[in-house]
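Here is the structure we will look at, set down as C-alpha cells.
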Amino acid sequence: MYLQAILDTLPDKPGCYLMKNAQGRIIYVGKAVNLRARVRSYFHASAHEHPKSQKLVSEIADIEWIVVGSELEALILEMNLIKRHRPHYNVRLKDDKRFPYIKVHWADPFPRVTVTRQMVMDGSRYFGPYTSVWAVHQTLDLLRKIFPYLTCNREITGKDARACLYYDIKLCSAPCIGAISQEDYRQVIDDLCQFLDGRTESVVQRLNQAMTAAAEELQYEKAATIRDQLQAIDRVVERQKVISSEQTDSDVIAMARADGEACVQVFFIRSGKLIGREYFVLEGTEEEADQEVLAEFVKQFYAQAAFVPGTVLLPEELAEARIIGQWLKERKSGQKVEITVPHQDISRELVEMATENAVETLNALRTRWEADKNRQTVALTEIQEALDLPEPPNRIECYDISTTQGMASVGSMVVFEQGTPHKKLYRRFNIKSVLGQDDFASLEEVLNRRFRRWKAAQETEESLGKKPDPAFAVLPDLLLVDGGKGQLSRAVAVLESYHLLDRIPAAGLAENEEELFIPGQHESVYLQRRSQGLYLLQRIRDEAHRFAITAHRKRRSQQGLASRLDGIPGIGPARRKALLNTFGSIEGILDAPAEKIAEIKCITLELAQNIKLQLE
C-alpha cells in the first residue's frame, strides 16, 4: 500500500528516481523522460520476466524521485547519483574512484608533473584516466628522459647555489639555478603535453629547427642534447600505429562479456595515430543488454575523462545516442561529438580489433581471478589446518598499535574476508586511556572498544531493529594480533571478559621468526616458508601495520600542527579544529592562499595572513 501510494503520486515529468531497500540503502538509480510511466513499468507483469528485475522489485521498500527541467539534466543527475551511491543493481565502473591521472600543474610559473586520482578545476592539465598506476609511472619515467621536468616543491628563483642530483643525471632542467629560463621550461612542459595528446609533429618540427640553430651557432653540446631528444621521440612514435592520413581524434570502444562479467576496451586515436589503449571492468552487468552496458560505460567513462574526442566509434547503436551526444557536446565546450557505428573498412576493422582485444583481456582477467581465488582457498585451508580450526576462517581481523614514545598512539583493525581485504570495514582507534608507551595496554583498550561495540550492536538490532555498523556487528572467524605471547595474552583476556574465547580463535604472529602463537599452547606453530597460508597471514599483518602507521603519522602531524597553532594570537580550540579539518597539515596551510584560509568561518583575511606569517 505504501509503494502504491508513491506510484499513484508520481509526476509526468522528466527526472531521476532512487529505489531503496528496507534498510534505506539506495539499490538502483534511473532516469526517465516521464517518471510516472517509467517507474510504474517496473511493477508490470512483463518486467518480472527477467530475474534481475524481479529481484530488484522484490527488495524495493521506498522510492524517491527528483524532478528536473530536461532529459539532459536527468542524464547528468543520474550519472552523479550512480557515482555517489554506487547502487548494487546499476551497471558501474569497477573501482572508478581509483583511476589515476597525469597532472601537469600548468597554473604554476614552473609547472610540475605529478600523478593524482582526482581532477580539480585549478588550471592544471590532466591526462587519463588510466587503469594502472604502474603504467602511468612507466610512462612518466620515459617522458622525463625526453622532457626533463620538475618534481620538487622548492620555490624557483633561478638563484639557488646548486641543483639537485636529478639535474646531474639529466632528469631535470634545473630552473632552480637558472639553467633554463621560465619561457623555455614552459615550452618543454607544453611539448610534454602535446606528446601525451599524441601530437608529436609540431614538437619534432620545432626541435629540428632548434637543433639546426644550435649547430649553426656552434653550440654543439646543446645540438647533441636535442638530437638525443629527437631520437627518443622517434623510438616512441614508431610504435604508434598510423590509422588514417586524416588528422582526426577518435576513441574506439568495444566490449566482451562472459558469465556475468563485462570488459570494455578503448583505443585512443589522436591525429590519426593509435597512441594507446585501456581496458575497464564493469560490475552489475548481469542480464543487461549490450546496448545498456555500452551506454552506461560511455556515460561513466566520459564523465571523468580528461579529453573528449570528436568521434566515438561503437560496435552497435545506442538508444540514448542523441542525448549522450548532446551531453558530450557540452563537455567539449560546444564542439560536436559524433557517436557512430562504423561501416567503412578501416573504422570497422578498428572496432573488430578492439573487440578481439576485449575478449583476450577478459579471458586473461578471468584466468587471473580464478588463480587468485584458488590461492585464497588454499591459503585459508592451510591456516585452518595449522590452527586446528573447525572450518576455514572466512573473516580474519588483525590488530596492531603504532606509537612514538607513547605519543599519538593509534590502534588499527583490518578485515579480510575470503582472503581479500575489505577496506570499508577497516577502523582506527585513537588510544585514550593509556599514558606513555604500553603496547599491551593499548591493544587491550582497542579490543575492549571493538567488542563493546559488537555487544552494543546486538542490543541495538534486537531492541530498535536498526542496522548496526557492519565492521563491529559480525564476529571474526580468526582474531590475529601483530606480536607474540604478550600481545596474545591481552587479546585472550579481552575475549574471556566478553565470554567469546570459545567462539573466536585467536593467534599472534611474531615478525622475527614468522611464528604463530596459539592460546594454551606452549610451542609456537610454523607454516611452511613458501606456503600460501603464511603469505596471507603476512599480508594481513603487514596491512594492519601499514594502516596503523598511516593513522599514527596523521595524528602526530595534527598534534604538532595544533601545538604550533596554539601559539598564534586569535586561534582558539574552534578555529584550530577548523584549520586541522580543512588543511590537515602545516604544509597544507602554507600552500593555501590567505583568501582560501579566510573562507573558514570566523577567520578574517587579516587573521589568515597572520596565520601564514606566524607559521612561516
Using the structure shown, decide if residue 567 is surrounded by fewer than 11 Cβ atoms within 10 Å (Cβ to Cβ) and modelled with pLDDT under 75. yes
Could you check segment 99-114 and list, in sequence order, the residues that are within 18 Å of residue 154 (Cβ to Cβ) and not in a strand (DSSP E or B)? 105, 107, 108, 109, 110, 111
Which number in (1) more than 30 Å from the chain's Cα centre (by Cα); (2) closer than 22 Å to residue 286 by Cβ; (3) surrounded by fewer than 15 Cβ atoms within 10 Å (Cβ to Cβ) marks the one condition that residue 69 misses? (2)
Of all residues in segment 485-507, which are over 18 Å from residue 387 (Cα atoms) and crowded, with 16+ Cβ neighbours inside 10 Å? 490, 494, 498
A careful count of residues in segment 182-230 that are over 30 Å from residue 251 (Cβ atoms) and either outside any loop (DSSP other than H, G, I, E, B) or touching a residue at least 12 places away in the same chain (Cβ under 8 Å) (or both) gives 22
Meets criteria (more than 23 Å from the chain's Cα centre (by Cα), among the β-branched types (Val, Ile, Thr), closer than 26 Å to residue 310 by Cα and not assigned by TED's automatic domain parsing to the domain that holds residue 273) for residue 177: no
Residue list for segment 540-552, filter: surrounded by fewer than 16 Cβ atoms within 10 Å (Cβ to Cβ) and touching a residue at least 24 places away in the same chain (Cβ under 8 Å): 549
Scan of segment 510-556 for residues that are of a type in the set (Val, Ile, Thr) and more than 34 Å from the chain's Cα centre (by Cα), ordered by number: 518, 525
Among the residues of segment 399-407, are any in a strand (DSSP E or B), assigned by TED's automatic domain parsing to the domain that holds residue 473, in contact with a Lys or Arg (Cβ under 6 Å, 6 or more places away or on another chain) and surrounded by 23 or more Cβ atoms within 10 Å (Cβ to Cβ)? no
Are there any pairs, at least 6 apart or on different chains, whose C-beta atoms fall under 8 Å, with the first in segment 109-131 and assigned by TED's automatic domain parsing to the domain that holds residue 147 and the second in a strand (DSSP E or B) and acidic (Asp, Glu), and if so, which? 129/278; 130/278; 131/278
State all residues of segment 185-221 that are among the charged types (D, E, K, R), out of contact with any strand residue (DSSP E or B) (no Cβ under 8 Å at 6 or more places or on another chain) and farther than 17 Å from residue 145 by Cβ; if no residue qualifies, say none. 186, 190, 201, 206, 216, 217, 221
For residue 445: the one exception among (1) under 33 Å from the mean Cα position of the chain (by Cα); (2) closer than 21 Å to residue 391 by Cα; (3) charged (D, E, K, R): (2)
Those residues of segment 170-181 that are of a type in the set (S, T, N, Q) and in contact (Cβ under 8 Å) with a residue 24 or more places away in the chain come to a total of 1
I'd like to verify a number: residues in segment 134-164 that are more than 32 Å from the chain's Cα centre (by Cα) and either free of Cβ contacts under 8 Å to residues at least 12 places away in the same chain or under 25 Å from residue 231 (Cβ atoms) (or both), how many? 1
Anything in segment 571-613 that is among the polar types (S, T, N, Q), assigned to a helix (DSSP H, G or I) and within 22 Å of residue 554 (Cα to Cα)? List them, or say none. 581, 582
Name the residues in segment 49-86 that are closer than 12 Å to residue 19 by Cβ and either in the same structural domain as residue 294 (by TED's automatic domain parsing) or part of a strand (DSSP E or B) (or both), would you? 62, 63, 64, 65
Enumerate the strands (runs of 3 or more DSSP E) found wholly within segment 238-345, keeping only those where 2 or more residues are under 25 Å from residue 53 (Cβ atoms). 250-258, 261-270, 273-283
Condition check: over 22 Å from residue 318 (Cα atoms), modelled with pLDDT under 80, among the small types (Gly, Ala, Ser) and surrounded by 13 or more Cβ atoms within 10 Å (Cβ to Cβ). Does residue 223 satisfy that? no
Looking at residue 242, is it over 27 Å from residue 93 (Cβ atoms), modelled with pLDDT under 80 and either touching a Gly at 6+ places or on another chain (Cβ under 9 Å) or buried (at least 17 other Cβ atoms within 10 Å of the Cβ) (or both)? yes
Filter result (within 30 Å of residue 26 (Cβ to Cβ) and among the β-branched types (Val, Ile, Thr)) within segment 87-132: 91, 116, 120, 131
Would you confirm whether or not segment 9-25 contains a residue that is part of a strand (DSSP E or B), among the aliphatic types (A, V, I, L, M) and in contact (Cβ under 8 Å) with a residue 40 or more places away in the chain? yes
Please determine whether any residue of segment 75-87 is polar (S, T, N, Q), more than 19 Å from the chain's Cα centre (by Cα) and either surrounded by fewer than 20 Cβ atoms within 10 Å (Cβ to Cβ) or modelled with pLDDT under 90 (or both). no
So which residues in segment 316-373 are of a type in the set (Val, Ile, Thr) and surrounded by 18 or more Cβ atoms within 10 Å (Cβ to Cβ), if there are any at all? 323, 324, 337, 339, 351, 361
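The values are calculated or read from the model by the stated rules, or taken from the named source; none is laboratory data. Please read all numbers here as calculations on a predicted model, not as lab measurements. Glycine gets a Cβ as well: all are built from the backbone with ideal geometry, and neighbour counts include every protein chain shown.
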